[in-house]
Amino acid sequence: MPSGYPGNYTSLTDVTVWLLSCIGFQERADIALQGSIVEYCLRNDILIPDDDAIPAILHPSLMRFLSSFEASKMYAWDQFRDCRNELSLSQLAPEQPTYRLPQGLTGRGLWAVSVPAPGVLVTSRLDGTDALIAMTDRARRMADPEDYFEIEHVDDSTYDDWLNPKSFFKRDA
């Protein structure tokens with residue numbers, strides 16, 4: 001067990017809830033404890049959902065989309081873009097285990113993928129349930145995201161929290 005475990009939980013569900021609680025309360029659990037918890041869960045096949053990371057179920061669709069670009073280099077990023085790792089398409093294949101970064105500041109989930117040439121960024125958003133895909137015109141000519149994902153077109157006038165529009169409830173600002 002990670003250090004700090006109170007020891008009075010007996011079922012795997014109890015342990016998992018305790019672990020997730022520690023990860024969620026940073027003022028109670030420092031980064032080292034969070035890292036220890038993640039390592040424990042990985043060793044014991046306990047899935048910890050990475051909040052807002054690109055969900056594992058989308059990795060094969062992401063692989064099909066990214067294969068359109070025949071890129072020589074693509075990168076996986078952590079939440080705050082502090083940690084980057086070179087990524088191959090095969091790492092996102094359905095038969096592979098869920099892709100996890102070797103290290104990450106707040107977790108090892110896949111938060112973003114960039115393809116420098118032709119210019120693509122797929123990123124999940126903090127506290128969002130959607131992903132954003134940014135593409136150069138050249139990349140857009142190579143692959144249309146609509147062929148791979150359910151999409152909502154946005155431009156610079158789109159409210160950034162489109163699933164929670166300004167008209168949903170009265171706001172102070």
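Go through the stretch 76-92 and count every residue that is in a loop (DSSP other than H, G, I, E, B) and either more than 15 Å from the chain's Cα centre (by Cα) or more than 20 Å from VAL38 (Cα to Cα) (or both).
2
Just one of GLU27, GLU70, GLU95 is assigned to a loop (DSSP other than H, G, I, E, B), at pLDDT below 80 and exposed (fewer than 12 other Cβ atoms within 10 Å of the Cβ); which is it?
GLU27
Taking the residues in the stretch 93-124 that are β-branched (Val, Ile, Thr) and under 13 Å from the mean Cα position of the chain (by Cα) as candidates, determine which candidate is farthest from ARG43 (Cα to Cα).
Per the criteria, the residue is VAL122.
Kindly provide the set of residues from the stretch 153-168 that are surrounded by fewer than 10 Cβ atoms within 10 Å (Cβ to Cβ), in a loop (DSSP other than H, G, I, E, B) and at pLDDT 75 or above, ordered by number.
HIS153, ASP155, ASP156, SER157
Going by the structure shown, is PHE65 more than 27 Å from CYS41 (Cβ to Cβ) and not assigned by TED's automatic domain parsing to the domain that holds ALA32?
yes
Under 8 Å by Cβ, and 6 or more places apart or on different chains, what pairs join a residue from the stretch 73-84 that is under 16 Å from GLY119 (Cβ atoms) with one that is of a type in the set (S, T, N, Q) and part of a loop (DSSP other than H, G, I, E, B)?
Pairs found: MET74/SER88.
The values are calculated or read from the model by the stated rules, or taken from the named source; none is laboratory data. Being a predicted model, the structure only gives us computed values, none of them experimental. In this analysis, Cβ positions are derived from the backbone assuming ideal geometry, glycine residues included, and neighbour counts consider all displayed protein chains.
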